[in-house]
2 protein chains.
Amino acid sequence: MPYAKYVQLATVKTDGRPACRTVVFRGFYDEFAGGLADRPWHLTFVTDARSKKVDEVAQSPFAELCWYFPGTREQYRISGTLEIVSSAHPDPVLLKARVNAWKRMSDGGRAQFAWPQPGLPRLEEHEHLYKDAPPTDPEIPLEAFCLVILAPEEVDHLQLRENERQLHCMREGEWVRAQVNP
Amino acid sequence: MPYAKYVQLATVKTDGRPACRTVVFRGFYDEFAGGLADRPWHLTFVTDARSKKVDEVAQSPFAELCWYFPGTREQYRISGTLEIVSSAHPDPVLLKARVNAWKRMSDGGRAQFAWPQPGLPRLEEHEHLYKDAPPTDPEIPLEAFCLVILAPEEVDHLQLRENERQLHCMREGEWVRAQVNP
């Protein structure tokens, strides 16, 4: 399903209220990081350094992802902590993973990072940036491009068709499973 | 689309972390409340009084709903405050709306409120409740049944196909609209 890569990510805003938006799942970290560190089941996304998400995560790194599959009537709720890898991240391993994530983007996806700052009032003089964004270099990420990594701590898997629900919790590096009431 | 009624609702947990789950949109309050008070554009859901959501909202009533339509590539983020209408709610008008919401539920939907407490360990001695839940009375809600009402304060409408984004904010009872960068 083409929309199965769209998931909802909740964070806490700087005023303590919840935020929830659709993001595109960009694969598991280990899929494209090319052996750079071992982060089993860490999920990745991308974001704009100028988006509110980045300020939110700086204050509260906690997140919950909700993934609903209408075909099978299954829901995964994945909670954990987020790490934002901007161009200024101190870890060279994560900076390399950021470049790899940029390479995997489509031209259209890359062009969005040359757009005006998300959420600011739309100005006539910036309209041309949406249509004629300059071509991007697939090897060099634009400044605003950030890789986002979710380290899962708990997974709540609900199967509505079977009336089954399992909790998976990470405890000292191991997943512990429990069957609970749906 | 059958799945267009499924939306993601984010709240803040009692430990300050975000929560995000799929809920079923049950219609606008004014659609079924039968002239009981005037709550334009208030959205409704239902929940179990024994679910974590109820404790979360008691501590922090703020919520954000994320509604993504894959067909048109549109997203609505609707933030506001939640009200939970349990059997013990002091407002008789809301209690009547709760009964009306119960009447609109399917038999299968109603039966779930007779199931064991959500999230607790699943016990063999409760298995029969999933299969042979006693029939429910469409006129009298089960104790665990709650109506949930979201009063919207801000709507962030993103149209990915057209690269358009509008913010709608409720200011003194009126919606104020602004065009912003997507």
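The values are calculated or read from the model by the stated rules, or taken from the named source; none is laboratory data. The shown structure was predicted, so the numbers you read here are calculated from the model rather than taken from an experiment. Here the Cβ is made from the backbone with ideal geometry for all residues, glycine too, and neighbour counts use every protein chain on show. Keep in mind that these areas ignore ligands, DNA and RNA; they rest on the heavy atoms of the full protein, side chains included. Shrake-Rupley method; radii C 1.70, N 1.55, O 1.52, S 1.80 Å.
Annotations
- Exactly one residue among A:PRO121, A:PRO152, A:PRO116 is within 25 Å of B:LEU160 (Cα to Cα) and open to solvent by less than 30 Å² (accessible area, probe 1.4 Å), and that residue is A:PRO116.
- Scanning segment B:97-135 for residues that are free of Cβ contacts under 8 Å to residues at least 40 places away in the same chain, touching a Pro at 6+ places or on another chain (Cβ under 9 Å), in a helix (DSSP H, G or I) and of a type in the set (Lys, Arg) returns B:LYS103, B:ARG110.
- Restricting attention to segment B:127-155, the residues being closer than 30 Å to B:LEU43 by Cα, within 14 Å of another protein chain (Cβ to nearest Cβ) and touching a helix residue (DSSP H, G or I) at 6+ places or on another chain (Cβ under 8 Å) number 2.
- Residues of segment A:85-96 satisfying the condition of being assigned to a helix (DSSP H, G or I) and without any contact (Cβ under 8 Å) to a residue 24 or more places away in the chain: A:PRO92, A:LEU95
- Top-ranked residue in segment A:164-182 [being open to solvent by less than 40 Å² (accessible area, probe 1.4 Å) and more than 11 Å from B:GLY119 (Cβ to Cβ); ranked as farthest from the chain's Cα centre (by Cα)]: A:GLN166
- If only residues of segment B:1-23 that are in contact with a strand residue (DSSP E or B) (Cβ under 7 Å, 6 or more places away or on another chain) and of a type in the set (Ser, Thr, Tyr) are counted, the one that is least open to solvent (accessible area, probe 1.4 Å) is B:THR11.
- Test: residue in segment B:101-108 that is among the acidic types (Asp, Glu), open to solvent by 40 Å² or more (accessible area, probe 1.4 Å) and more than 24 Å from B:THR136 (Cβ to Cβ): no
- Condition check for A:LEU82: part of a loop (DSSP other than H, G, I, E, B), among the aliphatic types (A, V, I, L, M) and open to solvent by 10 Å² or more (accessible area, probe 1.4 Å): no
- Residue in segment A:112-126 that is nearest to B:GLN179 (Cα to Cα), counting only those that are in contact with a Ser or Thr (Cβ under 8 Å, 6 or more places away or on another chain) and within 11 Å of another protein chain (Cβ to nearest Cβ): A:GLY119
- For A:VAL93, the criteria (1) hydrophobic (A, V, I, L, M, F, W, C); (2) within 18 Å of A:THR47 (Cβ to Cβ); (3) open to solvent by less than 70 Å² (accessible area, probe 1.4 Å) hold in every case but one, which is (2).
- Search result, residues across segment A:52-67 that are crowded, with 16+ Cβ neighbours inside 10 Å and touching a Lys or Arg at 6+ places or on another chain (Cβ under 9 Å): A:LYS52, A:LYS53, A:GLU56, A:SER60, A:PHE62, A:ALA63, A:GLU64, A:LEU65, A:CYS66, A:TRP67
- Test: residue in segment A:136-145 that is outside any loop (DSSP other than H, G, I, E, B) and among the hydrophobic types (A, V, I, L, M, F, W, C): yes
- If the condition is being of a type in the set (A, V, I, L, M) and more than 12 Å from chain A (Cβ to nearest Cβ), then segment B:51-82 contributes B:VAL54, B:ALA58.
- Restricting attention to segment B:24-50 and to residues that are open to solvent by 10 Å² or more (accessible area, probe 1.4 Å) and assigned to a strand (DSSP E or B), the residue that is farthest from the other protein chains (Cβ to nearest Cβ) turns out to be B:PHE28.
- Taking (1) charged (D, E, K, R); (2) open to solvent by less than 60 Å² (accessible area, probe 1.4 Å); (3) within 22 Å of the chain's Cα centre (by Cα) in turn, A:GLU127 satisfies each apart from (3).
- Boolean, A:GLY16 is within 30 Å of B:PRO152 (Cα to Cα) and out of contact with any His (no Cβ under 7 Å at 6 or more places or on another chain): yes
- Scan of segment B:158-174 for residues that are more than 15 Å from B:ARG77 (Cα to Cα) and either in a strand (DSSP E or B) or facing chain A (nearest Cβ under 9 Å) (or both), ordered by number: B:ASN163, B:ARG171, B:GLU174
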